[in-house]
Amino acid sequence: MTTLARAALPLDAEEYLTWLAVEKGRAPLTLQAYRKDLAAYVAWLTAAGRGIDDPTLDAADLAAYIAHLRAEGRAPATVARAMVAVRGMHRFRALEGRPGRDPGAAVEAPRVPAGLPKPLTEEQVLAVLDGVVGEGPVPRRDRAMLELLYGTGIRISELVGLSLGDVDLDAALARVFGKGSKERVVPLGRPTVRALVDWFGPEGRPALAPARWARRGDAEAVFLNARGGRLTRQGAWLVVEGHARRAGLAGKLSPHVLRHSCATHMLDHGADLRVVQEMLGHASISTTQVYTQVSSERLRAVYDQAHPRAGRRGSLAP
């Protein structure tokens with residue numbers, strides 16, 4: 001965790017973060033991001049000789065802070081997240097009856113431009129999966145990771161959080177814990193099961209397991225690093241990016257792109273939207289619906305290219 005993420009905050013802000021963790025079950029990474037956002041906001045106020053309990057704070061001040069973040073070149077999504085944290089903290093103070101007003105009550109969160117995910121084609125995914133060569137423990141692990149990410153659409157944090165007791169190869173199911181520690185069960189396809197069986201075999205995971213585990217919990221980790229510890233989120237990213245480069249897809253493939261690709265390809269092949277929602281762990285169906293837009297765009301692109309009456313090929317036009 002960075003120094004900024006550990007920065008001391010006013011007591012009200014610390015209590016707000018504790019409330020989010022205990023009462024709302026927010027994930028550690030979300031809380032870390034909110035802490036950074038609140039620390040930056042407090043620093044901005046402090047530079048102006050003010051604090052979060054300043055009774056003169058109003059909507060114009062929050063609008064000025066939004067402008068400040070944009071002037072620093074922050075991405076729209078980052079600005080929007082920062083305002084969620086700031087407005088939430090002020091609302092918490094108001095509900096708790098703390099001195100000062102709620103300056104965020106009349107401020108709408110900045111809109112984030114809608115962006116469609118860019119999934120890989122099925123051929124590109126197969127190129128990545130088939131590009132993992134070798135029979136050592138690391139290639140076996142990487143094949144299992146990539147098959148699991150694409151085959152189930154789980155998040156990278158969910159992948160590295162898997163423990164041995166979460167995987168049932170006989171039933172071809174895995175239990176994952178998503179945002180807010182929400183539990184769900186995802187099915188495992190045959191290629192994923194084969195890859196996991198190979199990884200759990202004597203030439204795979206046991207070959208990386210140390211004689212003595214360095215940390216409690218590493219012994220139960222599904223995926224290990226080369227030193228025998230639980231694979232971290234950053235380590236898993238590096239694995240995926242490495243195989244992306246080998247497949248000629250540098251800059252186009254990440255763990256989240258594999259998640260996008262899983263959802264899009266399922267919908268392309270007729271999967272029900274709510275089934276995909278359940279599988280990916282989306283709290284709202286509207287989150288999953290973005291993939292229907294991707295599929296529609298791909299359908300349009302294929303139609304325009306292939307159909308003689310699509311209007312892009314003039315040879316058969318009347």
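We did not get these values from a lab; they are worked out from the coordinates using the rules stated. Note that the structure is a prediction, hence the values are computed from the model and not measured. Positions of Cβ are backbone-derived with ideal geometry, glycine not excepted, and every protein chain shown enters the neighbour counts.
Segment 127-195 and segment 56-103 have their alpha-carbon centroids 39 Å apart. Among 67-79, 186-198, sorting by the average number of other beta carbon atoms lying within 10 angstrom of each residue, highest first, gives 186-198, 67-79. In a fully extended conformation the segment linking Lys24 and Val275 would gain 87.8 nm over its present Cα-Cα distance, using 0.36 nm per residue. Along the Cα-to-C-beta direction of Arg101, a point sits 7 Å from the Cα; which residues of segment 37-53 have their amide N less than 18 Å from that point? Correct set: 50-53.
Here the contact order of the chain, divided by its residue count and restricted to Cα pairs under 8 Å and six or more residues apart, works out to 15 percent. Taken as entire DSSP H runs, the helices of the chain that both span 27 Å or more between Cα atoms along their own long axis and average 0.0 or more on the Kyte-Doolittle scale are 28-47, 76-95.
For Lys252, a cut-off of 12 angstrom between C-alpha atoms picks up these aspartates and glutamates, skipping any fewer than 8 places away in its own chain: Glu241.
Multiplying the residue separation of Arg216 and Leu169 by 0.36 nm and subtracting their alpha-carbon distance yields 14.5 nm. If R0 is taken as 51 Å, the Cβ-Cβ distance between Ala127 and His68 corresponds to a FRET efficiency of 0.70. Straight-line cross-link reach from Lys182 at under 21 Å between alpha-carbon atoms covers these lysines, not counting any fewer than eight positions away in the same chain: Lys24. Shape call for segment 130-255 from the C-alpha gyration tensor, a ≥ b ≥ c root eigenvalues: rounded (a/c under 1.5), prolate (a/b greater than b/c) or oblate? It comes out rounded by the Cα gyration axes. Would you please classify the overall shape of the chain from the alpha carbon gyration tensor, given that a ≥ b ≥ c denote the square roots of the eigenvalues, rounded means a/c under 1.5, and beyond that prolate means a/b larger than b/c while oblate covers the rest? It is oblate, given that a/c is not under 1.5 and a/b is not larger than b/c.
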